[in-house]
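The values are calculated or read from the model by the stated rules, or taken from the named source; none is laboratory data. Since this is a predicted model, take the numbers as computed values, not measurements. Note that each Cβ is placed from the backbone with ideal geometry, even for glycine, and that neighbours are counted across all protein chains shown.
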Amino acid sequence: MTRVRVEQIVKQFGDTRAIDGVSLEVRPGELFTLVGPSGCGKTTLLRIVAGLLEQDAGSVHFNEDRMDDIPPYLRNIGVVFQSYAIFPHLTVAENIAYGLKARRVTPDKIASKVAEVSRLVQLDELLMRMPSQLSGGQQQRVVLARALVIEPRLLLMDEPLSNLDAKLRVQIRSLIRSVQRALQITTIYVTHDQEEALAISDTIAVMDRGRILQLGKPWELYLRPANRFVADFIGTMNVFQGLVEGPGPAAGERAVATSFGARWHVCAADSSGTRISLGVRPESLTLEPGGNGGESWNSLTGTVTEAAYLGAVVRYQMRVGDGLMITADIHNPDFAAIRSVGDELTLWFAASRAVRLPGETEGA
């Protein structure tokens, strides 16, 4: 298996620094995802690893081999791009076999490998079809099979599901993950879709403006975001400004006065008088008081501006104070008690569910 190490990569396009000193390591056999908004540099970094772009500074290593002067066709990588790039005049089997023919593999070996990989990606009954006879999901499986059949040391995937509808995206991402685990192939995956990243990744790197803002396991980024950007990008986060007043009722808790007049107990280590930012996930809010005896601690009261019934969840948008908007996901709701637009709503959260956002201390 292949370990990928990227050291201090810099890439400049005119006056724009697309990659600004990025270093990271992808462990052998893991699925490593680069996630971030459009233009953050994730695809540029992937193309540098592939050898399709030359960096201005820094180095790329596969295991102990420095790859900077190695052309793409000698790096032994499989690449899946956003566009399918399937040959319309070739059958499914011929499309999958294309890379093997280019490597002058014998016909018997080609037939064996195509059969093996087509079973893996669930295409074995479609090998004689033409691309025009395939659905979008089937075409994406052809592209995946073509990348895998050459037995690459590394698989690179750039927004592979962006052309599929929501249901197909879920199906194909599950297939990609199961195939990746079965083959234990080191994979670098690029997406702007946070849910996709959380669902399939061993490790996620959140990028913005050519830099990595946080790197870790999916649950680490979700539960302990390093800053406001990561908190907003990975999931949904309600962010509040506050001023620490003093100790709270339990060890490790602080009393905080929020900018809209509520008073909370939260888990933080800041000294009295410190201005801080706190994040509360929508699912951390509840309609029932969390043992506060009906007092105003850890509560928010506002007016419902939107109520969306999503089956097992009701998602409320609520205006609190002077225009502050809150999102709350109430799971397993009492359907007889679902609030309507214009209703007053009070929500509570446990002190441990508020996340201190490092470096976010402005405003209060």
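Key figures
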quantity: Residue check, residue 151 in contact with a Phe, Trp or Tyr (Cβ under 9 Å, 6 or more places away or on another chain) and surrounded by fewer than 22 Cβ atoms within 10 Å (Cβ to Cβ); calculated: no
quantity: Neighbours by Cβ (under 8 Å, 6+ apart or cross-chain): first from region 29-58, on the phi > 0 side of the Ramachandran plot; second among the hydroxyl-bearing types (Ser, Thr, Tyr); calculated: 29/186; 58/23
quantity: Residue in region 67-81 that is farthest from residue 143 (Cα to Cα), counting only those that are touching a strand residue (DSSP E or B) at 6+ places or on another chain (Cβ under 6 Å) and of a type outside the set (A, V, I, L, M); calculated: 68
quantity: Residue within region 104-120 that is among the small types (Gly, Ala, Ser), buried (at least 18 other Cβ atoms within 10 Å of the Cβ) and assigned to a helix (DSSP H, G or I) present; calculated: yes
quantity: Qualifying strands (runs of 3 or more DSSP E) (wholly inside region 154-214; at least 2 residues being over 14 Å from the mean Cα position of the chain (by Cα)); calculated: 154-158
quantity: Test for residue 302: is it assigned to a strand (DSSP E or B), surrounded by 19 or more Cβ atoms within 10 Å (Cβ to Cβ), out of contact with any Lys or Arg (no Cβ under 6 Å at 6 or more places or on another chain) and modelled with pLDDT of 90 or more; calculated: no
quantity: Among (1) surrounded by 14 or more Cβ atoms within 10 Å (Cβ to Cβ); (2) not in a strand (DSSP E or B) - the single one residue 59 does not satisfy; calculated: (2)
